[in-house]
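Student: For reference, the structure I am asking about is given below.
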Amino acid sequence: MAAAAAKVGIPRGRLVFLAVSVTFLLVASWVGLAFHIAEPVGRCLAAEGSAWDDDGCSHTMTFPSGVAVVSLLLMLALCRREAQAEAKVRKAGGESQGFAIGLESRYLRESDTLAVVAMVVIYMYSFFVMVLGLAIRYGGSRRLLEDQAGKEGHAVVESGTIITNVGCLNFWVECCCLVIPYMMLRLRRFVRANWVVALPLDAPHII
């Protein structure tokens, strides 16, 4: 008990400034991306009739929703692993060393590797969808150059634009549901690992 009482969290100026600054940037980025996501979704919901009858709206509501579900499930799993590692550290009496001890450190490294691999896979999928849309739109543009009055060229360009927008929306959804929350989780781990310092047992306590 005495050893535990000798460890008191003291905010360090630079650490506090860094944590607040990074948190502000992450929250501002999340809000900006959320507005980008809400704009096409709101436009589809405000459209007359069923949103599923429009190809653009149906793709906008379907594929990014799948990315959101996968990202949120993965984020929940990462939070659960973080909580388990924190409980092990606290039970082992290693709170003063943060999370960088023994098996818990390796446990979290495996969790970090899983997160990075998942983010890269989703990013590659979104990038592929976006490039595919750009290629289709380019093909439609070439057809319009040959026949500007042709309806087929306009339809191909419109389809390419929809697919490209879906790819961009996938990027934004992953950032909002996985990347930024995961960065907040890592920031919390960093702050906790550097927040607690040892004080003399006879140091005065401020209540």
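Student: Please work out if Ala198 is among the aliphatic types (A, V, I, L, M) and at pLDDT 70 or above.
Tutor: no
Student: Let me ask you something else. State all residues of region 25-41 that are at pLDDT 85 or above and farther than 17 Å from Val179 by Cβ; if no residue qualifies, say none.
Tutor: Those that are at pLDDT 85 or above and farther than 17 Å from Val179 by Cβ: Ala38, Glu39.
Student: Any idea which of (1) open to solvent by 90 Å² or more (accessible area, probe 1.4 Å); (2) under 27 Å from Leu74 (Cα atoms); (3) at pLDDT 80 or above; (4) not β-branched (Val, Ile, Thr) is the one Glu174 doesn't satisfy?
Tutor: (1)
Student: Here is a further query. For region 102-116, does any single residue satisfy the condition of being surrounded by 16 or more Cβ atoms within 10 Å (Cβ to Cβ), in contact with a His (Cβ under 9 Å, 6 or more places away or on another chain), under 24 Å from Ser29 (Cβ atoms) and modelled with pLDDT of 75 or more?
Tutor: no
Student: Then there is this: If Ala149 meets every condition in (1) at pLDDT below 90; (2) part of a helix (DSSP H, G or I); (3) not basic (Lys, Arg) apart from one, which number is that one?
Tutor: Among (1) at pLDDT below 90; (2) part of a helix (DSSP H, G or I); (3) not basic (Lys, Arg), Ala149 violates only (2).
Student: Quick one: is Val20 at pLDDT 85 or above and either open to solvent by 60 Å² or more (accessible area, probe 1.4 Å) or farther than 23 Å from Val179 by Cα (or both)?
Tutor: yes
The values are calculated or read from the model by the stated rules, or taken from the named source; none is laboratory data. These numbers come from a predicted model, not from an experiment. Here the Cβ is made from the backbone with ideal geometry for all residues, glycine too, and neighbour counts use every protein chain on show. Each accessible area value is taken on the protein alone, full model and side chains, heavy atoms only, with ligands, DNA and RNA left out. Shrake-Rupley method; radii C 1.70, N 1.55, O 1.52, S 1.80 Å.
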